[in-house]
Every structure is written in C-alpha cells, then in structure tokens.
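Q: What follows is a single structure, and I will ask about it in a moment.
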Ligand code: TXA
Ligand code: MG
C-alpha cells in the first residue's frame, strides 16, 4: 500500500508538520497511547476540520496537548482553588504520560475545542515526537484519536492513513504506540476526583495518590443528545464484524467462520477450530495485550469473517482499560 502522506518523524519533518499546523492544517501524530489527529488548539477553523474529518459530533470535546506541565497556563484558567491545586500537584507526577486531566478552561481556548464546556481536558504526552512538535509550534495542539468517529483507535501511522488519509494534510510516523489504549481521564475539580476513562495510568495508582476515587456515571448518549457527562459513547471502538467476548474454551459452531483473539496461547484442540487465531501475548501479559489489541481487532475486521471472538480479563491494572474498550466494542452486538 502507498504510504501516501506518511513521513518518518525527523527534525525536518517535525518542522514541516509545525508549518502545516501554523497554516491551519491538520496532522496525524504519534503519542505513547494511540495516534492523534492534531490542529492548533487556538484556531477554530483548523479544529473544525478535525471534527469534519472524523465525523465527530460537535458535542464531544477534544483533549488539548501541551509540551510540558510548565505550559498549563496556555489552556487552563489559573488560579485554581487550593484543593484543586493540591490535587493537580499530585497527578502531575504522572506527566509526561498516559493521563488527561479535566480543569477549568482558559477563555482563549475556542469553544469548539471543548464543545462549549467551561472545562478543558489537558495532557502532556511522553512521546518525544509529540513534545518536539508542540515546542516547535509554540501553541497547544487539540488532538483526538485519529480514527473516524466510533471506530477503533489507530496505533500505527498506516492505521491513520486507512482512517483519515484522504482528509488530513500529513501523518508523522513515530512507530507503533507503546500503550495501545487511550489515556486515563480524571476530573480533579471534585473530591474525590472522578475517573472518566480508565487507561494507562491505573485506577490503583490514582487511588494510591488520592486515597479514593469516584467512578463516572454511565450517562453517555450515542443518539446525538447532549452528553450529560462528556466522555465516551457507549458504542465506541466497534469493528463491523460481529464481535463477542467468550470463555477461553468455547468452540465455534461448524457453520461459521470465526476469528479468535486470545490473550495467551489456547490449547491446540481449541485454536484449531477457529479460522484464524491471534495470540496477543505468550504469557498473558496484559500490557502486551493492550499494546496489540486494537491492531488485531482492525486486522481481523478487514478479513471478512462471520464473527470475531475475544478473551476477557480481570478488571485490574491495565485490565480495567482493556475491558472498558472491549465492552464498548461488543455493545452493539449484544441484544
Ligand atoms: O490517549 C489519548 O487520550 C488520545 C491521544 C491522541 O492523546 N486521545 C484521545 O482523544 O483518546 P479522544 O478525543 O479520542 O478521546 C478524548 C475523550 C473523549 O471521550 C472526550 O469526550 C473526553 O476525552 N473529553 C475531552 N474534553 C473533556 C472535558 N472537558 N471534560 C470531560 N471529558 C472530556
Ligand atoms: Mg477516540
């Protein structure tokens, strides 16, 4: 397949991408979680292009990415109350990293970025390409995951090309994403802080820091009605092939061509019954599973099987983020 708009990330191509962004363009960018599609967070019409390219509902806000936590004042309204400041100091230790924090929004961030909210979700990525790009731009970047709305997030530059290639200006290739699932999102304006989306920074790590945490209410709507609580639609990450979570030893009906995603090797007498089996880790290591999961879902979805069956795992550590994404991926196939 042609690599089209993909360029390997180098100092020169990062400069080129910064130029495209300054001119109001949109660019596919690597982060340590998943690939994003970035625009200047201060440029409404550039951000509008992101919503159009993704087919994203206007009521779903974008994350604003900063080069370091020293530049929070580019997006966040200071001063924060004392309690929120203390909580910010506690979570900032996870930056740069797979964590997004909801804080009061600075007036200069256009309403389109935050879908009219008074809050802004900010993140400092650990990926050196993303850090260099933002530094070179000198402004923060609004960047959602670089997939069409409702589809599986991209973890390679080629995935971004498949999803948005005809709708964006350039894709910086920074290799496979380390984590493979999106960042953890936490609202620290409230006590205890509220976990809006599980991700690479685990619930357990956050509880260690804060003592306790409240979980978000399941209030998302996929019917276009305003989101009571922003965040993810129930049916997100959907492959188009019917996708199910199954017991380890479940066998497919003879009449169906079923693809299998296993988190660790299946017994031969089980795996041999599937049209194809993708084993994500030799040892059942969930960090490896997260790293490879979206790519496996995407690949198998393109092969035209009748169904895809997948393992599940305990909702502990990174397992909570994995199960959150899998539950969303299977939602529309459950009756
Ligand atoms: O790892 C990630 O977070 C990736 C990389 C590219 O940074 N980005 C990402 O963006 O996953 P996106 O747009 O696919 O998911 C962002 C989520 C959405 O569910 C959105 O509703 C929520 O963050 N969000 C954005 N702004 C918010 C806000 N002010 N309050 C609450 N949730 C917010
Ligand atoms: Mg997304």
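Q: Once you have the Cα-Cα distance between residue 247 and residue 327, take 0.36 nm times their residue separation minus that, and quote the gain in nm to one decimal.
A: Separation in residues times 0.36 nm, less the Cα-Cα distance, equals 27.3 nm.
Q: Another question, if that's okay. What is the packing order of peptides 317-323, 262-268, 96-102, taking the mean over residues of other C-beta atoms within 10 Å and listing the highest first?
A: Going by the mean number of other Cβ atoms within 10 Å, highest first, we get 96-102, 317-323, 262-268.
Q: In percent, how large is the relative contact order of the chain, given Cα pairs closer than 8 Å and 6 or more residues apart?
A: For the chain, the relative contact order is 19 percent.
Q: Something else about it: How would you rank 146-158, 276-288, highest first, on the average number of other Cβ atoms within 10 Å across their residues?
A: Listed from highest to lowest mean packing, they are 146-158, 276-288.
Q: Is it possible to state the helix-based mean residue ellipticity at 222 nm for the chain, with each DSSP H run of 4+ residues giving -39500 (n - 2.57), the sum divided by total residues, to the nearest 500 deg cm²/dmol? What is it?
A: On the way: 9 runs with 92 residues, N = 335.
One gets -8000 deg cm²/dmol as the mean residue ellipticity at 222 nm.
Q: So in the stretch 67-213, what percent of DSSP beta bridges are antiparallel if you round to the nearest 5? Spell out each step's value before the answer.
A: Numbers: 9 of 13 bridges.
Percentage antiparallel, nearest 5: 70.
Q: A further question follows. Please state the shape class of the stretch 280-335: rounded when a/c is under 1.5, otherwise prolate if a/b exceeds b/c and oblate if not, all from the C-alpha gyration tensor.
A: Since a/c reaches 1.5 but b/c is at least a/b, the shape of the stretch 280-335 is classed as oblate.
Q: Going by how many other beta carbons lie within 10 Å of each one, how would you line up 240, 191, fewest first?
A: In increasing order of surrounding Cβ atoms, one gets 240, 191.
Q: When the chain is fully extended, how far beyond the present Cα-Cα distance does residue 128 get from residue 77, taking 0.36 nm per residue of separation?
A: 15.7 nm
Q: Next up: Taking a ≥ b ≥ c as the square roots of the Cα gyration tensor eigenvalues, with a/c under 1.5 meaning rounded and otherwise prolate when a/b beats b/c, else oblate, which class fits the stretch 55-154?
A: Taking the square roots of the gyration eigenvalues as a ≥ b ≥ c, the stretch 55-154 is oblate.
Q: Which of rounded, prolate, oblate describes the stretch 226-335, given a ≥ b ≥ c as roots of the alpha-carbon gyration tensor eigenvalues and a/c under 1.5 marking rounded, otherwise prolate only if a/b is larger than b/c? Mind showing how you got there, number by number?
A: Numbers: a/c = 2.06, a/b = 1.34, b/c = 1.53.
Note, shape of the stretch 226-335 comes out oblate.
Q: To continue, here is another question. In degrees from 0 to 90, rounded to the nearest 10, what is the angle of the helix 82-91 Cα long axis to the longest principal axis of the chain?
A: It works out to around 50 degrees.
Q: How far apart, in nm, are two points set 7 Å out from the Cα along the Cα-to-Cβ line at residue 10 and at residue 44?
A: Once both label points are built, they end up 4.0 nm from each other.
Q: Please report 313, 177 as a ranked list, fewest other C-beta atoms within 10 angstrom at the top and most at the bottom.
A: 313, 177
Q: Can you give the FRET efficiency to the nearest 0.05 for residue 256 and residue 135, using r as the Cβ-Cβ distance and R₀ = 41 Å?
A: Efficiency, rounded to the nearest 0.05: 0.20.
Q: On to the next question. Between helix 286-301 and the chain, what is the angle of the helix's C-alpha long axis to the longest principal axis, kept within 0 to 90° and rounded to the nearest 10?
A: Taking the Cα atoms of the chain, the angle to 286-301 is about 70 degrees.
Q: Using 1/(1 + (r/R0)^6) with R0 = 35 angstrom and r between the beta carbons of residue 282 and residue 23, what's the FRET efficiency to the nearest 0.05? List each step's numbers first, then the result.
A: Numbers: r = 47 Å, r/R0 = 1.33.
The calculated FRET efficiency here is 0.15.
Q: What is the helix-to-structure angle for 44-54, meaning the angle in degrees between its Cα long axis and the longest Cα principal axis of the chain, kept from 0 to 90 and rounded to the nearest 10?
A: The two axes meet at around 0 degrees.
Read-outs throughout are calculated quantities, based only on the coordinates presented, and are distinct from any laboratory measurement. What you see is a predicted model; the values in this text were computed from it and never measured. Please note: Cβ atoms are built from the backbone with ideal geometry, for glycine as well, and neighbour counts cover all protein chains shown.
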